[in-house]
1. Which value results when the Cα radius of gyration for segment 78-152 is divided by 2.2 N^0.38 Å?
2. At 0.36 nm per residue, and after removing the present C-alpha to C-alpha distance, how many nm does the segment from S138 to E102 gain when stretched out fully?
3. Strictly over 29 Å apart at the Cα level, which of K308/K355; K69/K251; K69/K285; K69/K308 would you flag in this model?
4. Give me a comma-separated list of calculated 3J(HN,Hα) values for segment 213-230, in order, Karplus coefficients 6.51, -1.76, 1.60 applied at θ = phi - 60°, integers in Hz, x for any Gly or Pro.
5. Where Rh denotes the Kirkwood radius from the mean inverse Cα pair distance, what is Rg over Rh for segment 132-175?
6. Once the other residues with Cβ under 13 Å from the Cβ of C83 are scored (Lys, Arg +1; Asp, Glu -1), what is the net sum?
7. For D113 and R95, calculate 0.36 nm times their separation in residues minus their Cα-Cα distance, and state this gained length in nm to one decimal.
8. When N is the residue count of segment 27-142, what does its C-alpha Rg come to as a fraction of 2.2 N^0.38 Å?
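Nothing in this text is a laboratory measurement; each read-out follows from the coordinates by a stated rule. Every value quoted in this text rests on a predicted model; they were computed, and no experiment measured them. Because the Cβ atoms are built from the backbone with ideal geometry, glycine has one as well, and the counts that use them run over all protein chains shown.
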Amino acid sequence: MIRNCFIAIFIFTVSGQPGPAQSRDRAADGVCSATIRVGLREDAPPFSFRINPEARAPDLSATCGYEEKGLLGGYAGYTVGLCRDYLLDLLSRCRGAGPQVEAVPVAVDKRHDALAAEAPPFDMLCGATTATVTLAASVPHSPYTFLTSTSALVNARFAQAEGTSCRVGVVNGTTSAPGMQDRVLDPRRIETWQEFIRRNKSCSLDGLERAVGFDSTAEAILALRAPGSEGIDVLVGDHHILAWYWQHLDKLHRRMELPEAIAARFEALDDSETESTASSLARFKDELRLIPAAISIEPYTVVAPPGKAALIADFSRFLTARQQDRNGEYTRRLRQCFGRQVDRSLWFLMEFQSKVRDGNPLK
């Protein structure tokens, strides 16, 4: 499914994008003397999330890109690691002390409003931001950093009842939240969701229009366990984020910093030190199923408010130079963060982006 969409992706990638690295012996104009505020999501593993400060010796296979202290300390994830590497590279190119770096937590449902604000709270957003056509036309953005898809996590109630109930949940502020019905009505979209509805008659357009919004993926996953009208049956979200939560569900609240109320609900289910398994997180995890089919394409990018185009251009040169992968470092980062769960189209896309020529036609 993903590979069939690359003509459109290539057109989007080429238009307006900086190309491969320019000379690395100079820093970008205007970015060395300023403070760079880096917007980070706290709830989007394996791309950008906050480590539980009480966690001991985090499992690096689950927390790639993590540094306890220093630049962006306490945060983990693939995009966090990319942005940290860029900032270290920038500091090495700046004369003198270089810019100060501040990490700014950004709520998923507030990030787009923040980009359009008169005084944005961050200078670049390093999270899990989908490069929609509208967003790309509105703000400076980098070439693609990753390629994922939208999929669905379903509970045992839905799987065993053969779709007689289909309460859909989405995370507020994500591309899954608005216009759920366009996955059926818009012929440009991938047809997987339409096939899903054919097999599960209760997942109708009416059900999609009444999708329940949640403030975080962790909260939405808990709703998959709640009974009846209090819960949901299907959670729609970005595939790699859903997969990470599902894989680490039984250790989630010990690994990741969650809102206090949500962490308490996970702790109440964590009976790993008792003999009972009736309500354990491990049992709950085993009852969930991730539907692997792609509902929509989700290419990720690093974005910035309109006034920070020079910063994004410099990051883009750094990114496309890294994506040339001359020493295999970029491949190792991908393997550490995603294992083998990387669509082969991403490798082709990286090669394509890394060969786009750099050059400023205004100079």
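1. 1.25
2. Numbers: separation 36, 0.36 × 36 = 12.96 nm, distance 2.44 nm.
Residue separation times 0.36 nm, minus the Cα-Cα distance, leaves 10.5 nm.
3. Flagged as over cut-off: K69/K285.
4. x, 10, 7, 7, 5, 4, 5, 5, 5, 4, 5, 5, 8, 5, x, x, 5, 7
5. Details: Rg = 16.4 Å, Rh = 14.0 Å.
Radius of gyration over Kirkwood radius for segment 132-175 works out to 1.17.
6. Surrounding charge for C83 is -1.
7. Details: separation 18, 0.36 × 18 = 6.48 nm, distance 3.43 nm.
Net length gain for the segment: 3.0 nm.
8. For segment 27-142, the normalised Cα radius of gyration is 1.09.
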